[in-house]
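Novice: This structure is in structure tokens; I'll ask about it shortly.
The values are calculated or read from the model by the stated rules, or taken from the named source; none is laboratory data. Since the model is a prediction, treat every value here as computed from it, not as a measurement. Cβ atoms come from the backbone with ideal geometry, glycine included; neighbour counts cover every protein chain shown. Only protein heavy atoms, including side chains, enter the accessible area calculation; ligands, DNA and RNA are left aside. Shrake-Rupley method; radii C 1.70, N 1.55, O 1.52, S 1.80 Å.
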Amino acid sequence: MSWSRNKLLYRDAFLCTVMTFIVAGLLYFTFVNLSFLDPFENTFKDFKFTDYYYSKRFNKEQRSDKIILVNIKHADRYQLAQAVNKISAQNPRAVGLDIIFKDRKLAFTDSILKASIASNDHIVTAYFHENDSVVNSDAYFKTDNAQKGYINLNLKGQNSVIRDFIGVKGNNNEKEYAFATKLALEAGFIDESYAEKELKKPIPINYIGNKDVFLNFDIDEILEQDDIPALKDAVILMGYFGYGNTQFDIEDKHFTPLNSEWVGRAVPDTYGVVIHANILNMLAKKNLIYRVSVFPTYVLAFISCFLILVFSIRLYKRNSFVFDITEKIVQLLLSVVLLYVAILLLQTNIYLSVVPIILLSLLGIEMIDYYEYLVTYLNKKFKWESHLL
């Protein structure tokens, strides 16, 4: 093939890629602005191809043995106070209470619980943002030494599946730390400079598995034992993760990529305290996932679409019948290869949103026929040259 024909091929591939992006943009604009398509849009927001990676990943080797969960079930405040005392006696690095004591109850048990919290210098308590207000435990339980972190998990734009978290919000005197961030700081896993540098933007949560991946105890086990060596120098997260039939127990339970149902999720799969444990594990190991930003993603999508169009236009020109037969096979193979590349990148802690790359590349192949109609018209009107003519 002559150099001039090669130049026409590359020009056609480039222009067809541009045409693909324009059509894709128009389709997307239509899709997100038609109200009757909202259920479909929400379904796609709730689904990411990379969820498959997490749903099959239960990796005890990547956990920190110094992160331990304690299921508080429906324990009363006296039991909680006793458990905090027992845990504190084992000299843990930090204790996180994923519990909000909204109101006063019995004066006697409240006083015991307050004393238990006040006697430990490494306790992190919880609060959360609700609309424009902040929900804290009753002021009675506030102590001078207790640290606190927000337990909100749903980020704006994240919809119902918890994939990302923000570890630090605000600046200077208005700075706020996430519950897991505060525990990581208290335990010495990270320092403030690391938190400031790495945790102020949404970060994909590096899930290693559900509650059974972590060493965990019921509160009854804590109360029944005098000595629990595993708790020494560990970070203990006390929270609710099931009582009885956990399949239908959705108290403080959320949808995550750990869900085996990738589309049409019906039942939340992971308790909040377990999500905090996954975040804390990621911070303890400094094993953050770095997301490829939007602009480089679409540059990669453009390059992928261009390259597949160079190949497809060449095949289409040589034998359109063979192209029609192999088109779907090429699209399938391309999807599999790009998904595999995305999974390999995720294993190296690089999160690439591969969906736009796949969709634009597949749409580019479909656009060849329409591009041929366009250049045929341009050739008749303006003597436009094309590799396809």
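Novice: Between beta-carbons, use under 11 Å as the cut-off and find the net charge around Phe241, counting Lys and Arg +1, Asp and Glu -1.
Specialist: -3
Novice: Also: Evaluate the distance, in nm, between pseudo-label points positioned 7 Å from the Cα of Glu198 and of Asp144 along their respective Cα→Cβ axes.
Specialist: In this crude label model, Glu198 to Asp144 measures out at 3.4 nm.
Novice: Angle, helix 3-33 long axis vs. longest principal axis of the chain, Cα atoms, 0 to 90°, nearest 10?
Specialist: So the helix axis and the longest Cα principal axis differ by about 50 degrees.
Novice: Please give me the summed charge of the neighbours of Asn349: other residues whose Cβ is under 12 Å from its Cβ, Lys and Arg +1, Asp and Glu -1. Could the numbers behind the result be given before it?
Specialist: Details: positive: Lys285, Lys286, Arg291; negative: none.
Residues close to Asn349 contribute a combined charge of +3.
Novice: Going through region 112-192, which trypsin sites (Lys or Arg not before Pro) have at most 10 other Cβ atoms within 10 Å and a DSSP loop state?
Specialist: On the way: sites: Lys114, Lys142, Lys148, Lys156, Arg163, Lys169, Lys175, Lys182; in loops: Lys142, Lys156, Arg163, Lys175.
Those satisfying the criteria are Lys156.
Novice: Among (1) 46, 24, 18; (2) 54, 19, 18; (3) 39, 24, 19, which one is semi-axes √(5λ) of the Cα gyration tensor in Å computed from these coordinates?
Specialist: Answer label, from the structure shown: (2).
Novice: Same structure, new question: What nm distance separates the two modelled labels at Ile343 and Leu223, each placed 7 Å from Cα along Cα→Cβ?
Specialist: Using points 7 Å along Cα→Cβ, the separation is 4.6 nm.
Novice: Restrict the search to region 165-256; then list the GluC sites (Glu not before Pro) that DSSP places in a loop and that have at most 13 other Cβ atoms within 10 Å of their Cβ.
Specialist: Filter output for region 165-256: Glu251.
Novice: When the helix-only estimate is applied to the chain (DSSP H runs of n ≥ 4, each -39,500 (n - 2.57), divided by the residue count), what is the mean residue ellipticity at 222 nm, nearest 500 deg cm²/dmol? Provide the component values of the computation, followed by the final result.
Specialist: Values: 13 runs with 183 residues, N = 389.
Counting only the DSSP helices, I get -15000 deg cm²/dmol.
Novice: So, in nm, how far is label Asn136 from label Ile303 when the simple model puts each one 7 Å beyond its Cα toward the Cβ?
Specialist: Going from the Asn136 label point to the Ile303 one covers 5.1 nm.
Novice: Another one. Build a GNM of the chain with springs between Cα atoms under 10 Å: which of Ile99, Ile72, Ile123 gets the top mean-square fluctuation?
Specialist: Highest fluctuation among the options: Ile99.
Novice: Per 0.36 nm of contour for each residue apart, how much would the distance between Phe382 and Lys232 grow if the chain were fully extended, relative to their Cα-Cα spacing?
Specialist: 45.9 nm
Novice: So how long is each side of region 267-389 along the principal axes, counting just the alpha-carbon atoms, biggest first, in Å?
Specialist: The Cα atoms of region 267-389 stretch 66, 28, 27 Å along the principal axes, largest first.
Novice: Among Tyr150, Val273, Pro202, whose Cα projects farthest towards the positive end of the dipole of the chain, with charges put on the beta-carbon of Lys, Arg (+1) and Asp, Glu (-1)?
Specialist: Pro202
Novice: Determine the gain in length on full extension of the stretch Ala107-Leu389; use 0.36 nm per residue of separation and subtract their C-alpha separation, reporting nm with one decimal.
Specialist: Gain on stretching Ala107 to Leu389: 92.7 nm.
Novice: What is the percent carbon and sulfur in the accessible area of the chain, measuring with a 1.4 Å probe over the protein chains and ignoring ligands?
Specialist: Values: 11730 of 20310 Å².
Using a 1.4 Å probe with all protein chains present, the chain comes out at 58 percent carbon and sulfur.
Novice: May I pose another question? Could you tell me the relative contact order of the chain? Use alpha-carbon pairs under 8 Å, at least six residues apart, and round to a whole percent.
Specialist: After rounding, I find 24 percent.
Novice: Using square roots of five times the C-alpha gyration tensor eigenvalues, list the equivalent-ellipsoid semi-axes of region 74-217 in whole Å, biggest first.
Specialist: So the three semi-axes of region 74-217 are 26, 18, 16 Å.
Novice: Within the chain, what percent of beta bridges assigned by DSSP are antiparallel, to the nearest 5?
Specialist: Looking only at bridges with both residues in the chain, the antiparallel portion is about 30 percent.
Novice: Anyone know which of Thr109, Thr181, Thr270 comes out most mobile in the 10 Å Cα GNM of the chain?
Specialist: Checking each option, the largest mean-square fluctuation is seen for Thr109.
Novice: A follow-up question, please. At each listed q (0.24, 0.26, 0.32 Å⁻¹), what is the log10 of I(q)/I(0) that the Debye formula gives for region 336-383 modelled as equal alpha-carbon point scatterers?
Specialist: Values, matching the q order: -0.83, -0.89, -1.05.
Novice: May I pose another question? Going by average Cβ density within 10 Å per residue, which order do the peptides 275-282, 313-320 take, highest to lowest?
Specialist: In descending order of packing, they fall as 275-282, 313-320.
Novice: Given C-alpha coordinates of region 169-247, what is the ratio Rg to Rh with the Kirkwood estimate of Rh?
Specialist: Reported Rg/Rh (Cα atoms, Kirkwood Rh): 1.04.
Novice: Another question about this same structure. Near Lys380, which lysines are there with a Cα under 22 Å away, not counting those fewer than 8 places off in the same chain?
Specialist: Straight-distance partners of Lys380: Lys7, Lys317.
Novice: Just the accessible area per residue of the chain, please: how many Å² with a 1.4 Å probe? Before the final figure, lay out each step's value.
Specialist: Values: 20310 Å² over 389 residues.
Accessible surface, normalised per residue, equals 52 Å².
Novice: P(r) for region 125-179, please, calculated from all Cα pair distances in 10 Å bins and given in %.
Specialist: 20, 51, 24, 5
Novice: Please compute the length gained on full extension between Lys328 and Phe14, using 0.36 nm multiplied by the number of residues separating them and subtracting their Cα-Cα distance.
Specialist: 110.9 nm
Novice: Rounding to the nearest 10 and keeping the result within 0 to 90°, find how far the Cα-based axis of helix 355-366 lies from the longest principal axis of the chain.
Specialist: That works out to roughly 20 degrees.
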